[in-house]
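Working notes for the structure below.
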Amino acid sequence: MAMQNDPSREDIEKIIGGVTDPVTGHSLLDAGRVESCMVENGRIRVTLAVSATAAAGMEKAASLAEKALDTAFAGWRSSVLLTAHRAPAAPTAPAGGGHRPLGGVGAKGTESGPLLPQVGAVIAIASGKGGVGKSTTAVNLAAGLVLEGLSVGLMDADIHGPSLPRMLGVKGKPEVRDGKLLPVEAWGLRAMSIGMLVDETQAMVWRGPMVMGAISQLLGDVSWGALDVLVVDMPPGTGDAQLTLAQKAVLNGAIIVSTPQDIALLDARRGVTMFEKTHVPVLGLVENMSYFCCPNCNHRTELFGHGGARDEAARLGVPFLGEIPLLADIRSSSDAGTPIVVDAPDSEAGRAYRALAAGVAAVIRKLPRRR
């Protein structure tokens, strides 16, 4: 039943409805309903809403549905993701019905129109664990891409620990125009973070649905405008935020940041696996804190080992994008709100980030533009 035209939602639901859950013996659509269906850039992404009790035993059925869709629609790559929603308790439901934690009603067309229609590519900067310098890498990479001549947006998807406002030296809240937030401009970037909307000391005590709603708003309720690339600083791990971005933003690729030691590489491996599961290409690995060079005697010390990310990239069959040294200047520039790639582009750290940005820019220019 191979088809050349874009598959319709009706066609997709028909294929899924013909898949039998090997556990229950029932049609997959008897156990759930199609919550979202995105057909774009050669990919079919289906989110199937099921009960919380049924979700754990339906992974096999979801895999069968992916294979059925790949067979039915030749040339398309499919993913079927399961989601189990629990109705929020009425007394604690936030403004906006639990799906708009940042408030507002959204601009006209936000709910039905395509997300990020003027953005050429969306690249996630991710890590399997915290503390590996992912946000610092994301900020300096984004600023480096500006120096490469690209128009760049930077979105902070770490709802629980937003760091972009401090790293970019941004203060104050963004303006709202025609129902949409205007990104804050800094160092040639257009940036947005929940940290720009709340007090710096406020703890975001939110569960999964609230986090997913906030990320959806940062995508759809922000007037990003025309960009060559939107760089997304992901939270650590492989949870709700990653799933939401994979579903809604139609990621063109992901870059994994890791330190060289084995324990960090184990988590980086999980990050690669997660993106492969959602059919997001892994553009490569970056080894952060690769070595320390003494500012007094220039002696090089490999505090966390060295070359682990390069070896892991070779093992996984993905590109190795470069090494970033562990230097006090990187930390101090981040605390001061100036990316070191801008503040000291000819320093050792600045050159490392410039080289990373040049390589990533070359990859971005070859990516098919989002439609």
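Given the Cα-Cα distance of residue 328 and residue 369 and 0.36 nm per residue of separation, how much length would full extension add, in nm?
11.0 nm
Looking at this model, which pairs from 14/60; 180/277; 60/277; 134/173 are more than 22 angstrom apart at the alpha-carbon?
Table pairs above 22 Å Cα-Cα are 180/277; 134/173.
Here, each number is a calculation from the coordinates, and none is a lab measurement. Keep in mind that this is a model prediction, so the values were computed, not measured.
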